[in-house]
């Protein structure tokens, strides 16, 4: 599974094809995206997507976000919920996070720490992830190993690739290089390369921002579990396709962090150096 590329073609309930290319290895080489072909959909249909990232084993923060996603779906349903990687490593409950995510029909992507856990399990990476690996076991490693690199969605009535939403963990080409708000337009273009999309939505940097770059919207949805923008609130994004304006609109949702409950959970978890983990969490910055 980890040493050969496998293309999986499935069909959703609405009849549209989903093409998923599994990564040839857990490493950071460029991999292709999963893609929904929206050809044949009717014009004038609004699409809403929920996108979260960087849970990092903080299951109580995940529950806070899931509750808000459910509440927002009551207002207007989501066509899809995307989790943009970094699921397990750092926090007190990596197995609980994986178990919870697998109860939903979410699109879950690979993050750099997910890849690293797989590499360590295969003996190809540095140690230091013993707690998370012990928690998730072989089934969790197998789940992480199969996660796709990206998700590309063409909105109803839109044209690919220029109207597409592209969800990735860090950038369209690898799991490491960040897209930060401090970068110049030139630096962002160099990192994004020749990728075409109306919006790229991602996490990895843990700092929420929205930025126009040429004809493209960049959206960092920050982190569910451990934000780094000086604001200790759980964050995720809602992306909405407006057929009238023929563009995507982005909202960053900010929710109170369950800090007191998480402190109890971290101290009871067996996580090495729990006080250091809590200091870094409370600081909410690099």
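The values are calculated or read from the model by the stated rules, or taken from the named source; none is laboratory data. All values derive from a computational prediction rather than experimental measurement. Every residue, glycine as well, gets a Cβ built from its backbone with ideal geometry; the counts of neighbours run over all protein chains shown.
With respect to residue 193, is the statement that it is modelled with pLDDT of 95 or more and either closer than 18 Å to residue 85 by Cα or touching a strand residue (DSSP E or B) at 6+ places or on another chain (Cβ under 6 Å) (or both) true? Judged against the criteria, residue 193 is not a match.
Among residues of region 178-221 being in contact with a helix residue (DSSP H, G or I) (Cβ under 9 Å, 6 or more places away or on another chain) and part of a loop (DSSP other than H, G, I, E, B), the one that is farthest from residue 113 (Cα to Cα) is 214. Sub-9 Å Cβ pairs linking a first residue in region 61-80 that is over 24 Å from residue 226 (Cα atoms) to a second residue that is in a helix (DSSP H, G or I), at least 6 apart or interchain, are 78/69; 78/72, ordered by first then second residue. When the test is whether a residue is under 20 Å from the mean Cα position of the chain (by Cα), surrounded by fewer than 17 Cβ atoms within 10 Å (Cβ to Cβ) and under 30 Å from residue 279 (Cβ atoms), residue 182 does not pass it. Would region 13-24 turn up any residue that is closer than 24 Å to residue 247 by Cα, at pLDDT 95 or above and surrounded by 12 or more Cβ atoms within 10 Å (Cβ to Cβ)? Looking for residues that are closer than 24 Å to residue 247 by Cα, at pLDDT 95 or above and surrounded by 12 or more Cβ atoms within 10 Å (Cβ to Cβ), one finds none in region 13-24, hence no. For the residues 223, 284, the requirement of being at positive phi and within 23 Å of the chain's Cα centre (by Cα) singles out 284.
Residue pairs whose Cβ atoms lie under 8 Å apart, separated by 6 or more positions or on different chains, with the first residue in region 191-204 and touching a residue at least 60 places away in the same chain (Cβ under 8 Å) and on the phi > 0 side of the Ramachandran plot and the second part of a loop (DSSP other than H, G, I, E, B) and surrounded by fewer than 18 Cβ atoms within 10 Å (Cβ to Cβ), are 204/178.
Selection within region 102-155: residues that are farther than 27 Å from residue 192 by Cβ and in contact with a strand residue (DSSP E or B) (Cβ under 9 Å, 6 or more places away or on another chain). The member of this set that is surrounded by the fewest Cβ atoms within 10 Å (Cβ to Cβ) is 105.
Only a single item in (1) surrounded by fewer than 15 Cβ atoms within 10 Å (Cβ to Cβ); (2) closer than 27 Å to residue 77 by Cα is not met by residue 166, and it is number (1). Of the candidates 198, 223, 208, the single residue that is closer than 17 Å to residue 172 by Cα and touching a strand residue (DSSP E or B) at 6+ places or on another chain (Cβ under 8 Å) is 198. Scan region 121-161 residue by residue and report those that are out of contact with any helix residue (DSSP H, G or I) (no Cβ under 7 Å at 6 or more places or on another chain), at pLDDT 95 or above and assigned to a loop (DSSP other than H, G, I, E, B). Listed by number, the residues that qualify are 146, 148, 149, 150, 154, 155, 161.
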